[in-house]
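The structure under discussion appears below in the form of structure tokens.
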Amino acid sequence: MYRMEETRNTAATATPTISGDRMSSHLQFSDKNSLPKPDVQILTSNGLRIPVHTGILASVSPVLENIIDRPHKHHSSEKIIPILGVPCDAVSSFIQFLYSSRCSEEELERYGIHLLALSHVYLVPQLKHTCSKSVGQRLTIENVVDVLQLARLCDSPDLYVKCMKTVSNNFKAVEKTEGWRFMQENDPFLELEILKFIDEAESRKMRTRRHREEQRLFMELSEAMECLEHICTEGCTAVGPSDMDPANQRGPCNKFSTCEGLQLLIKHFATCKNRVNGKCSRCKRMWQLLRLHSSICDRTDSCRVPLCRYRIYYYYYYY
């Protein structure tokens with residue numbers, strides 16, 4: 001479980017409070033006189049009491065609304081809602097957000113993790129989204145495991161995935177942190193989740209690389225097929241149809257880097273004495289190109305590529 005700090009003022013003999021006027025001033029209300037007198041107090045860990053309005057709390061947080069409507073065992077004129085386990089300043093920032101729907105960058109930097117926990121417990125989605133984003137922007141190698149545990153407990157999927165990616169990308173460094181050692185001792189299931197995520201991430205990378213390689217090969221073969229038809233139909237620089245006048249041979253095409261290599265391969269294939277006994281790797285490559293073209297060509301009678309259609313199988317059989 002995430003190790004949340006708790007501040008206590010054991011030395012205090014009197015209960016400190018924030019007056020209604022101070023609270024109104026702190027929350028920067030446009031019209032202080034429009035607010036009625038606070039009718040409930042928030043009690044923090046160090047004994048600080050913050051006077052607030054039940055109507056505002058109930059309108060923003062359904063959890064606080066249920067607490068307010070819950071019948072009290074002890075009948076007294078003083079209504080108190082304890083919010084413990086987090087610093088009192090974090091509670092003040094939380095109450096301020098309930099009133100104003102605003103939270104400063106300084107407060108998010110200092111109390112972001114505490115505000116995230118409070119927004120989850122008291123069901124304040126707007127604050128939860130803001131805190132998740134802010135905490136995610138301040139991830140470090142040292143705190144990422146603690147924040148990951150908090151993200152899982154607070155059901156914050158975006159922050160959870162960001163923490164997982166940070167751990168995956170910096171695993172060797174994260175393994176050396178105190179947070180990782182604490183997690184190994186107290187939450188082995190989370191360690192298993194992390195290792196599984198890293199393994200799946202590596203598998204995704206391998207699939208992506210394989211897919212890109214397949215796409216690259218497909219593009220090269222597609223370009224080679226175009227160049228083969230282009231050479232056998234129109235001719236290009238040094239190689240062309242047998243019935244074409246060399247004087248009419250065309251200049252370099254727009255795919256000449258591929259076309260030139262294919263022309264050299266065709267020249268070799270035309271003169272190689274080992275092309276039908278499997279001893280020449282270059283001829284074997286040419287046979288594969290001709291066979292591939294034959295398998296996809298849909299112009300039975302008009303195609304000018306040598307050995308196209310049924311003829312290629314005759315030559316391939318002897319090869």
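Where a number appears in this text, it was derived from the coordinates with a stated rule and is not lab data. In this text, all values refer to a predicted model and were calculated from it rather than measured experimentally. A quick note on method: Cβ atoms are made from the backbone with ideal geometry, for glycine too, and the neighbour counts reach across all protein chains shown.
Contact order for segment 131-237, expressed relative to its length and based on alpha carbon pairs under 8 Å spaced 6+ residues apart, stands at 22 percent. Taking 0.36 nm per residue of separation and subtracting the current Cα-Cα distance, fully stretching the chain between residue 49 and residue 222 would add 54.8 nm.
Between the amide H of residue 40 and those of 52, 54, distances stay under 5 Å, these residues lying 5 or more places away or on another chain, with hydrogens modeled in the peptide plane. Within the straight-line cut-off of under 29 Å between alpha carbons, the lysines reachable from residue 165 are 128, 133, 176, 196, 205, sequence neighbours fewer than 8 places apart in one chain being disregarded.
Computed packing ranks the peptides 196-203, 174-181, 83-90 as 83-90, 174-181, 196-203, most packed first, by mean other Cβ atoms within 10 Å. Rounded, prolate or oblate: which fits segment 68-186, taking a ≥ b ≥ c as square roots of the Cα gyration tensor eigenvalues, rounded meaning a/c under 1.5, else prolate when a/b beats b/c? Prolate is the answer for segment 68-186, as a/c is 1.5 or above and a/b outweighs b/c.
Straight-line cross-link reach from residue 79 at under 15 Å between alpha-carbon atoms covers these aspartates and glutamates, not counting any fewer than eight positions away in the same chain: 39, 65, 69.
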